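Student: Right, I'll just put the structure down here and ask away after.
The values are calculated or read from the model by the stated rules, or taken from the named source; none is laboratory data. The structure presented is a predicted model; accordingly, all values stated were derived computationally and were not measured. Backbone-built Cβ (ideal geometry, glycine too); neighbour counts: all protein chains shown. Heavy atoms of the whole protein, side chains included, go into the accessibility calculation; ligands, DNA and RNA do not. Shrake-Rupley method; radii C 1.70, N 1.55, O 1.52, S 1.80 Å.
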Amino acid sequence: MTRTARAYTNIALIKYWGKKNQQLKLPYTNSLSLTLDRFYTDTKATIINADKDIVYLNDKLLDNTQNKRILNYLETIRNFYSFSDHFQIDSVNHVPTSAGFASSASGFAALAAAINETKKLNLSRREMSILARNGSGSASRSIYGGFVEWQAGHDNASSFAVPIDETPDIDLSLLSVVINQHSKKISSTVGMENSVKSSPFYPNWVTLVSSEIKEIKQAIAQKDLQKIGEISEHNAMSMHALTLSADPSFTYFAPETIRIIQLIQELRRKGLFAYATIDAGPNVKIICTKESLPKVQTYIEQQLSDVTTVVANIGPGIQYI
Ligand code: 2P0
């Protein structure tokens, strides 16, 4: 009986933003994330007697243009492990776009784990992280639960994620504020490439991340919530400064994004624990404590009518079900 692999999404507190090798998805810097319990992808791989892979996402057959990235990835896996089998992939995404999270992290982590299971590759979690990274950089981190660091490395074998604390006893929750507005989408892949190429601040980003990674790991070890919040927010804002300072300049922020950042600053002045982090999109994720979260949620929903909020807590690594 082939088991289904389940991988959860993660939110980067220290962001991955820029590759030194596009093909292998080798990043310029380490990054550090928190795996979340609320959203995940379930994927099963079945060997089929055919010379092409077929991919079902949420019970719908993907056509060739939609799943080019997945088909290329399966080809990469075949080359890595020198086998020729083709697969039927059945993947169900429990990461609704309305929740404001990208599904590529959980998607490629679940796919790597599913192939490991079906082909009985017996990969270690480190090897699985390397394999997931080849699908999508942030997927390397979704192999583990809790706090996870992706070590940049210098080649395919040395770029993988490691667990920092898989079951941290720490009072942190995440409130995702989803802006119900569709702005033109610049993919992370393109956005980070443009930032590396043309932001005059890119070298500073590399230096900044190296010190912020050290600081946040220390703050995690000491359970210093305020430090974790401050470093995370500063890192996210610095990442978005790279997009604004790119040539041509671009931004993922919508007007509501700025408004939410201001509301978070107001909440802090009122003494509540709330820090912002933002990925390659307009939605804001607010780092809260269990105590501050309901108050932050009520305040944000009162101030802004056209937003949806979703709560997530710390989640586990890869599971087989
Ligand atoms: C992160 N992001 O660390 C950063 C922060 C978005 C902003 O990783 O090109 O989909 O497939 O490696 O993993 C999103 O980028 O990009 C991402 P590819 P990916 O979570």
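Student: State which residue is nearest to the ligand (Cβ to nearest atom) when the search covers only region 11-31 and only residues that are surrounded by fewer than 21 Cβ atoms within 10 Å (Cβ to Cβ) and part of a strand (DSSP E or B).
Tutor: My answer is 19.
Student: If you scan region 56-92, which residues turn out to be open to solvent by 40 Å² or more (accessible area, probe 1.4 Å) and farther than 23 Å from residue 123 by Cβ?
Tutor: Within region 56-92, 56, 57, 58, 59, 60, 61, 63, 64, 65, 66, 68 meet the criteria.
Student: Of (1) more than 15 Å from the ligand (Cβ to nearest atom); (2) touching a strand residue (DSSP E or B) at 6+ places or on another chain (Cβ under 6 Å); (3) in the same structural domain as residue 15 (by TED's automatic domain parsing); (4) of a type outside the set (Phe, Trp, Tyr), residue 155 satisfies all except one. Which?
Tutor: Residue 155 satisfies every listed condition except (2).
Student: If the requirement is being over 17 Å from residue 116 (Cα atoms), more than 13 Å from the ligand (Cβ to nearest atom) and aliphatic (A, V, I, L, M), which of these qualifies: 61, 74? Explain how you work it out, then say what you get.
Tutor: Values: 74 fails: over 17 Å from residue 116 (Cα atoms).
Among 61, 74, only 61 is over 17 Å from residue 116 (Cα atoms), more than 13 Å from the ligand (Cβ to nearest atom) and aliphatic (A, V, I, L, M).
Student: Sticking with this structure for a sec: Check every one of the strands (runs of 3 or more DSSP E) wholly within region 247-316 and list those with 3 or more residues that are over 22 Å from the mean Cα position of the chain (by Cα), crowded, with 21+ Cβ neighbours inside 10 Å and free of Cβ contacts under 8 Å to residues at least 40 places away in the same chain. It would help to see each step written out before you state the result.
Tutor: On the way: elements: 274-277, 284-288, 307-312.
The strands (runs of 3 or more DSSP E) meeting that bar number zero.
Student: Take the conditions in the same structural domain as residue 44 (by TED's automatic domain parsing) and either in contact with a Leu (Cβ under 9 Å, 6 or more places away or on another chain) or within 11 Å of residue 9 (Cβ to Cβ) (or both) and apply them to residue 122. Does it pass? Break it down stepwise before answering.
Tutor: Working: in the same structural domain as residue 44 (by TED's automatic domain parsing): yes; either in contact with a Leu (Cβ under 9 Å, 6 or more places away or on another chain) or within 11 Å of residue 9 (Cβ to Cβ) (or both): no.
Against the criterion (in the same structural domain as residue 44 (by TED's automatic domain parsing) and either in contact with a Leu (Cβ under 9 Å, 6 or more places away or on another chain) or within 11 Å of residue 9 (Cβ to Cβ) (or both)), residue 122 does not qualify.
Student: When you look at residue 197, is it over 30 Å from residue 222 (Cα atoms) and modelled with pLDDT of 95 or more, yes or no?
Tutor: Numbers: over 30 Å from residue 222 (Cα atoms): yes; modelled with pLDDT of 95 or more: yes.
In short, yes.
Student: I would also like to ask the following. Any residue at all in region 154-165 that is buried (at least 24 other Cβ atoms within 10 Å of the Cβ) and more than 19 Å from residue 14 (Cα to Cα)?
Tutor: no
Student: Give region 192-214 a look and list any residue that's open to solvent by 70 Å² or more (accessible area, probe 1.4 Å) and of a type in the set (S, T, N, Q), or say none. Full working, then the answer.
Tutor: As a first pass, look at region 192-214 and keep what is open to solvent by 70 Å² or more (accessible area, probe 1.4 Å): 193, 197, 200-201, 203-204, 207, 214.
If the condition is that a residue be open to solvent by 70 Å² or more (accessible area, probe 1.4 Å) and of a type in the set (S, T, N, Q), then 204, 207 are the ones that fit.
Student: Please work out which one of (1) closer than 30 Å to residue 206 by Cβ; (2) open to solvent by less than 10 Å² (accessible area, probe 1.4 Å); (3) out of contact with any Gly (no Cβ under 6 Å at 6 or more places or on another chain) is the condition residue 43 fails and give its number.
Tutor: Going through (1) closer than 30 Å to residue 206 by Cβ; (2) open to solvent by less than 10 Å² (accessible area, probe 1.4 Å); (3) out of contact with any Gly (no Cβ under 6 Å at 6 or more places or on another chain) one by one, residue 43 breaks only (1).
Student: Let me ask something else about it. Any residue in region 116-129 that is open to solvent by less than 20 Å² (accessible area, probe 1.4 Å), free of Cβ contacts under 8 Å to residues at least 40 places away in the same chain and out of contact with any Asp or Glu (no Cβ under 7 Å at 6 or more places or on another chain)?
Tutor: Taking every residue of region 116-129 in turn, at least one turns out to be open to solvent by less than 20 Å² (accessible area, probe 1.4 Å), free of Cβ contacts under 8 Å to residues at least 40 places away in the same chain and out of contact with any Asp or Glu (no Cβ under 7 Å at 6 or more places or on another chain).
Student: Here's another thing I want to ask about it. Of the residues 45, 113, 50, 105, which single one is within 15 Å of the ligand (Cβ to nearest atom) and modelled with pLDDT of 95 or more?
Tutor: Values: 45 fails: within 15 Å of the ligand (Cβ to nearest atom); 113 fails: within 15 Å of the ligand (Cβ to nearest atom); 50 fails: within 15 Å of the ligand (Cβ to nearest atom).
Checking each option against the conditions leaves just 105.
Student: While we're here: Take the residues of region 146-174 that are of a type in the set (Asp, Glu) and part of a strand (DSSP E or B): which is nearest to residue 311 (Cα to Cα)? Before you say what the answer is, go through the steps one by one.
Tutor: Looking only at region 146-174, we keep the residues that are of a type in the set (Asp, Glu), and these are 149, 155, 165-166, 169, 171.
Then keep just the ones that are part of a strand (DSSP E or B); that gives 149, 165.
Values: 149: 23, 165: 21 Å.
Ranking the candidates gives 165 first.
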